[in-house]
Amino acid sequence: MKSWRQGPSLARLLRLAQHVWSDSRDAAAWMSNAQIALGGKTPIQAVMTDSGAERVEAILWRRIHGATT
């Protein structure tokens, strides 16, 4: 497993979320609200672990490619 320092950073994930929603406020709202796909955690909470950060990144990339979950 990758160490946190090698995994996706919070700043990088915030930029990716801004790309998904094309709006920094919408991206911040998504990052701050509980997500079913993250077991009810917010993305900000989830990124505190390597596996959570990877899950957040995967969700964002799926949204970029047209998936809604």
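We did not get these values from a lab; they are worked out from the coordinates using the rules stated. Given the structure is predicted, the values throughout are model-derived calculations rather than measurements. Positions of Cβ are backbone-derived with ideal geometry, glycine not excepted, and every protein chain shown enters the neighbour counts.
Brief remarks follow.
- Quotient of C-alpha Rg and 2.2 N^0.38 Å, computed over the chain: 1.00
- Point-charge dipole on Cβ atoms (K/R +1, D/E -1) for the range 10-64, about Cα centre, debye to 20: 60 debye
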